[in-house]
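Peer 1: Questions regarding the structure given below will be posed in turn.
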Amino acid sequence: MENVQAAIAAATFIGVVFLIITEWIHLTVAAFLGAVILVFTHVMTLNDAIEYISRSHATLGLFFGVMVMVRAFEPTKVFDYLATQIVILAKGKGKNLLLGIVAITTPICAVLPNATTVMLLAPLIPPMAQEVGVDFVPLLILMVFVANSSGLLTIVGDPATFIVGDAINMSFADYLVKLSLGGAISVAVLVAILPWLFPEIWNKKLEDLEHLPHPKINHPRVLAVGGVIIAFVLTFFVIGDSLPVPVSPAAVALLGAALAMLLAHHSQIDSVNNILRDLDWSTLLFFMSFFVLIGGLEKTGIIGHLSGFLAVILGKNIFFGSLGLLFVVGLMSSVVPNIPLVVAMVPLLKQYVVNVGFAPAEVLAPDFAGQFPIEVLPLFYSMMYGANLGGNGSLIGASSNIVAAGISEQHGRRISFQTFLRYGVPVMALQLVAAAVYVTIRFLI
């Protein structure tokens, strides 16, 4: 019976990924259908499915809260106004626009989770692209690439990075010293290939800036209060976890959402029903469904059995093991969202370093607070780089990718799997090679 359930879980997961790649049906429908099949075939109970979803409640709460805040302030036209100002600052040049997206997104993603940054900034992209006269889909894809890459600049820049860093008890300062340069190199690689990646936009030039539409901000007093709410939320995103009584980013986002809806309702700039109706429920349902699919692989023991294969593949050579892990995790992250992937991979890798004698069994304890042997750390560093940069490979590789796809669809354009793949594969390949060179020089030689 267990073998049958494992086969169903594996076949369902592979089938969902196949449907997403081929785009036979919408990716949310594919993931939701797969999750329901696991419940219907008793691979997991409905309670099991809800439990696996609840494990990622922080991610879902964060996404929901930020979605509400962004939608609540739409009637002020602040996004249209900021988009116009950015085009004017870029002097109507596509090259400046691309570099501007990199310059704006990179520092924000160093302190905020990358998917959150995409939620906050992506609404600027469609009106900006319209004013310059270019397709906004490549600009959204670029923002995703920057967000995923610059998420490596700090340990809090990407949930996947934080999960791995927390597992090896790595401090914020230690990460800056050892790994931030690798993130900077990844962003530099992306900047270097912009002219070849987006040649049409790079060479675009808008001659007549005077005739740009100049949208005005509506409800300035409401927006001023909203600015206070946003400042409060961003501040506690950064310092919330370090307070004497920690406040999670999800809780902060949900409080911000409640205050934003209260402000919109009280000022009568929009109704609560309209705000909730316009949220990207499709993206939220996709994440919940995919967490259930990953849970099916975990519950049936498929992920656990992979630890044996990992030992065979990596062997006892840390040098080849680290580089192999970087590329293997990178490729896996292009078809499995990197957050659930690293959640599954961390205990697997810990078990591996114990099995081959690189670390004592104490490191497997959930409350282990010591330091891992220094010789095994490159394996975990490689996982960080592979998970983040591999997320650039395909549409479902990272949470920020799915968020951008949802925002694009809300503006009337669907980012196809093949379109994202055309941009993502060369970016992922070059960045993984650059990361491999950095890991080799910094940690393995």
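Peer 1: I'd like the orientation of helix 302-314 relative to the chain: the angle between its Cα long axis and the longest Cα principal axis, in ° from 0 to 90, rounded to 10.
Peer 2: 70 degrees
Peer 1: Additional query: Considering amide H positions built from the backbone, and no H for Pro or chain starts, which residues 5 or more places from Lys93, or on another chain, come under 5 Å of its amide H?
Peer 2: Correct list: Leu206.
Peer 1: Roughly what angle does helix 399-410 make with the longest principal axis of the chain, taking Cα atoms, 0 to 90 degrees, to the nearest 10?
Peer 2: 30 degrees
Peer 1: Can you run phi through the Karplus equation (6.51, -1.76, 1.60; θ = phi - 60°) for the stretch 73-85 and list ³J(HN,Hα) in whole Hz, with x for Gly and Pro?
Peer 2: 9, 4, x, 6, 6, 5, 5, 5, 5, 5, 4, 5, 5
Peer 1: Residue separation times 0.36 nm, minus the C-alpha to C-alpha distance between Phe18 and Leu60: what's the value?
Peer 2: Values: separation 42, 0.36 × 42 = 15.12 nm, distance 2.47 nm.
Contour length minus Cα-Cα distance gives 12.6 nm.
Peer 1: Lys205 label point, 7 Å along Cα→Cβ, cut-off 18 Å on backbone N: hits in the stretch 76-102?
Peer 2: The answer is 87-100.
Peer 1: With +1 on the Cβ of every Lys and Arg and -1 on the Cβ of every Asp and Glu, and nothing else charged, how large is the dipole of the chain about its Cα centre, in debye rounded to the nearest 20? Present the calculation step by step, with values, prior to reporting the outcome.
Peer 2: Values: 19 positive and 24 negative charges, 123 e Å.
For the chain, the charge dipole is close to 600 debye.
Peer 1: Given R₀ = 22 Å, what would the calculated FRET efficiency be for Ile445 paired with Asp174, taking r from the Cβ atoms and rounding to 0.05?
Peer 2: Numbers: r = 20 Å, r/R0 = 0.92.
Efficiency for this residue pair is about 0.60.
Peer 1: Of all the accessible heavy-atom surface of the chain, with the other protein chains kept in place and a 1.4 Å probe, what percent is carbon and sulfur?
Peer 2: Details: 13030 of 19020 Å².
Looking at the chain in its full context, I get 69 percent from C and S.
Peer 1: Going by alpha carbons, how many degrees (0 to 90, nearest 10) lie between the helix axis of 281-299 and the longest principal axis of the chain?
Peer 2: With rounding to tens, the tilt is 0 degrees.
Peer 1: Moving to a separate point now. When the chain is treated as a GNM, springs tying every alpha-carbon pair under 10 Å, which of Ala31, Ala188, Ala110 comes out with the largest mean-square fluctuation?
Peer 2: With Cα springs under 10 Å in the chain, the top fluctuation among Ala31, Ala188, Ala110 is at Ala188.
Peer 1: With label points built 7 Å along Cα→Cβ from the Cα atoms of Asn317 and Ala188, find their separation and express it in nm.
Peer 2: Rounded to a tenth, the inter-label distance reads 2.9 nm.
Peer 1: Return the whole-Å distance between the Cα centroid of the stretch 338-374 and the Cα centroid of the stretch 21-74.
Peer 2: Centre-to-centre distance over Cα atoms comes out at 28 Å.
Peer 1: Using the Cα gyration tensor of the chain, with a ≥ b ≥ c the square roots of its eigenvalues, what is the shape: rounded (a/c below 1.5), prolate (a/b larger than b/c) or oblate (neither)? Each step should come with its number before you reach the end.
Peer 2: Values: a/c = 1.64, a/b = 1.41, b/c = 1.16.
Prolate is the answer for the chain, as a/c is 1.5 or above and a/b outweighs b/c.
Peer 1: Now, a different point. Counting only heavy atoms of the protein chains, get the accessible area per residue of the chain (1.4 Å probe) and round it to a whole Å² value.
Peer 2: Details: 19020 Å² over 445 residues.
That works out to 43 Å² for each residue.
Peer 1: Right, something else. Sum up the lysine pairs in the chain that clear both bars: alpha-carbon distance under 15 Å and a spacing of 8 or more or different chains. Could the numbers behind the result be given before it?
Peer 2: On the way: Lys77/Lys216; Lys91/Lys204; Lys91/Lys205; Lys93/Lys204; Lys93/Lys205; Lys95/Lys204; Lys95/Lys205; Lys316/Lys350.
Lysine pair count for the chain: 8.
Peer 1: Follow-up. Can you list the HN-Hα couplings for the stretch 50-63, worked out from phi with the Karplus curve (6.51, -1.76, 1.60; θ = phi - 60°), rounded to whole Hz and with x for Gly and Pro?
Peer 2: So the Karplus estimates, Gly and Pro as x, are 5, 5, 5, 5, 5, 4, 10, 4, 5, 5, 5, x, 4, 4 Hz.
The values are calculated or read from the model by the stated rules, or taken from the named source; none is laboratory data. Source: prediction; values computed, not measured. With ideal geometry, Cβ positions are generated from the backbone for all residues, glycine too; neighbour counts draw on all protein chains shown. Surface accessibility is based on the protein's heavy atoms, side chains included, excluding ligands, DNA and RNA. Shrake-Rupley method; radii C 1.70, N 1.55, O 1.52, S 1.80 Å.
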